[in-house]
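Quick notes on the structure that follows.
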Amino acid sequence: MRKFSNVLVFVLLLALFATPIMAYTSDRYDFGHVDFGGATITFVAWWNPLEQFEEGGEFAGRLEEAKELFNIGGFEYIGLPWGEELQETMMSRLMAGDSEYDFWMLPADYYIPLRSMGAIRPVNDIIDDSYYANMHRQHQILADAMGIAGNRYTFSCFNGIQNNINLLMFNKDLLEREGLPDPYELYLNGEWTWDAVTEMAVRATRDTNNDGEIDQFGFADIAVASFIFSNNGDYTKQVDGKVIYCADMPETVEAVKKVRELRHELKVQGGTWRREVFFEGRAAFATMQTYEINNLMDSMEDRFGFLPMPKGPHAADYVYSSSADSLVIPVNAAKPKEMIALDNFLFRVDEFLEDQERGFIERAQDQVTYQVLTESVEKWNGKIHLYGGILGPDWTGIWGEAFQAIMNGEKTAAAALAEIAPVAQSMLDDALNQ
């Protein structure tokens, strides 16, 4: 009998040591027991975030580790074009009940519609402030900026804002050739302002070959949102958990007036929305986002630099604004705590920061632009245009109609943006069920 007992104990010990330890503490949180019961995890996105964990990737083998540690059956990736098809596929999977083990990668344009339809699961009942305190401040601010009425939806550090900061690019060769001031000196002296850039843009705009046609411009296509945020303006604000239309505020009105001045009164903007005149070396300035630095490095012959958007009259300091992508889980997630734990295992804070630093070094053109890149994520205060999907872009919808009326000189900025306030607020209320 004693011999049988010893054998039983030995077998139980073998089983214990053969079973994966499923209690997991990440670099952010103690998740306790994590077991997916053999489920398959699916990533729905427009680019594959799993490549880095597959053979040949920087973190090859991590998916196999996750399978063993968390009892996961496998991983799948559904790749879709960036656009409406992405949103439609996510909703289809949700309605069919196929999204219980999904991660959804969402750009800002499609985040709000899905959140408004109740398709995204809030996570503040699972993780608390201590979780976000272990992340970079940009992720803490992003969680609040993309939240509403006390709910948070984002939890991952798979991506940050570093690829989507709004910057002003400038052509070094063109500015030097025209004898214009050095933007770096203006920036470092706190003199990088709308007035300074406007004067430079006017002087840069001219007919260079005396054929009677302007062929060099102060600006390529101007991103209106960049000017709005650089003047401490906005489109909406949250008041007691409710999204309020505020584009009739003086800071926003003044920014829209500035864009009209540059485009239609001073006529310093040239080319199309593709900003080809900047790539071709025929524009002094261009509003772009951080990721576009790579395109400039690959295809622009002239030397270029970049800085934060110049300060508007209502800004005491340079204001960094951004768009943002986020990783979320659908509202029908079968194991939401476990999904967040898996995210933490795959996408780690220290690796995110290392990758971000590599990106800064690769994109920096010099010491000043490296400073700008690092400063952009340290000083970002949550300025992000989330509700364009409801109000519309610059060329259509309630916002676009008002904006085009201003650009065409049919209405003043103050009148047009105040006039649409009731309808814009009603659209926000209906879309957000507030």
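The values are calculated or read from the model by the stated rules, or taken from the named source; none is laboratory data. Note that this is a predicted model, so its numbers are computed, not measured. Every residue, glycine as well, gets a Cβ built from its backbone with ideal geometry; the counts of neighbours run over all protein chains shown.
General remarks:
- Among (1) of a type outside the set (A, V, I, L, M); (2) within 19 Å of Glu378 (Cβ to Cβ); (3) surrounded by fewer than 23 Cβ atoms within 10 Å (Cβ to Cβ), the one test that Arg177 misses: (2)
- Of residues in the range 109-123 being surrounded by 16 or more Cβ atoms within 10 Å (Cβ to Cβ) and under 30 Å from Thr25 (Cα atoms), the one nearest to the chain's Cα centre (by Cα): Tyr111
- Residue tally, condition out of contact with any Phe, Trp or Tyr (no Cβ under 7 Å at 6 or more places or on another chain), under 22 Å from Ser322 (Cβ atoms) and modelled with pLDDT of 95 or more, over the range 398-434: 3
- The requirement of being closer than 30 Å to Asp366 by Cβ, of a type in the set (Ser, Thr, Tyr) and touching a residue at least 24 places away in the same chain (Cβ under 8 Å) is not satisfied by Tyr110.
- Index of the failed condition, Asp221 passing every other in (1) surrounded by 14 or more Cβ atoms within 10 Å (Cβ to Cβ); (2) at pLDDT 95 or above; (3) acidic (Asp, Glu): (2)
- Top-ranked residue in the range 376-421 [being among the hydroxyl-bearing types (Ser, Thr, Tyr) and over 15 Å from Tyr235 (Cα atoms); ranked as surrounded by the most Cβ atoms within 10 Å (Cβ to Cβ)]: Ser376
- Thr287 vs. criteria within 24 Å of Phe403 (Cβ to Cβ), of a type in the set (S, T, N, Q) and in contact with a Ser or Thr (Cβ under 6 Å, 6 or more places away or on another chain): yes
- Those helices (runs of 4 or more DSSP H) of the range 1-107 in which 1 or more residues are β-branched (Val, Ile, Thr) and modelled with pLDDT of 95 or more occupy 84-96.
- The residues on offer are Asp128, Asp30, Asp102, and the sole one that is surrounded by fewer than 17 Cβ atoms within 10 Å (Cβ to Cβ) and over 17 Å from Arg348 (Cβ atoms) is Asp128.
- Breaking point among (1) modelled with pLDDT under 95; (2) under 27 Å from Asp429 (Cα atoms), for Asp211: (2)
- Total residues in the range 192-245 satisfying the condition of being β-branched (Val, Ile, Thr) and either under 19 Å from Leu386 (Cβ atoms) or in contact with a Phe, Trp or Tyr (Cβ under 7 Å, 6 or more places away or on another chain) (or both): the figure is 8.
- Only one of the numbered conditions (1) closer than 30 Å to Ala283 by Cβ; (2) of a type in the set (D, E, K, R); (3) modelled with pLDDT under 95 is not met by Arg177, and that is (3).
- Of all residues making up the range 364-408, the number that are under 30 Å from Glu58 (Cα atoms), within 21 Å of the chain's Cα centre (by Cα) and either assigned by TED's automatic domain parsing to the domain that holds Asp109 or not in a helix (DSSP H, G or I) (or both): 2
- Of the helices (runs of 4 or more DSSP H) contained entirely in the range 260-363, those carrying at least 1 residues that are surrounded by fewer than 18 Cβ atoms within 10 Å (Cβ to Cβ), of a type in the set (Lys, Arg) and without any contact (Cβ under 8 Å) to a residue 12 or more places away in the chain fall at 349-363.
- Residue pairs meeting the criteria (Cβ under 7 Å; at least 6 apart or on separate chains; first touching a residue at least 40 places away in the same chain (Cβ under 8 Å) and assigned by TED's automatic domain parsing to the domain that holds Met200, in the range 211-225; second in a helix (DSSP H, G or I) and surrounded by fewer than 19 Cβ atoms within 10 Å (Cβ to Cβ)): Gly218/Val202; Ile222/Arg263
- For the range 110-124, the candidate set comprises residues that are within 17 Å of Ser99 (Cα to Cα) and in contact with a strand residue (DSSP E or B) (Cβ under 8 Å, 6 or more places away or on another chain); within that set, the residue that is modelled with the lowest pLDDT is Tyr111.
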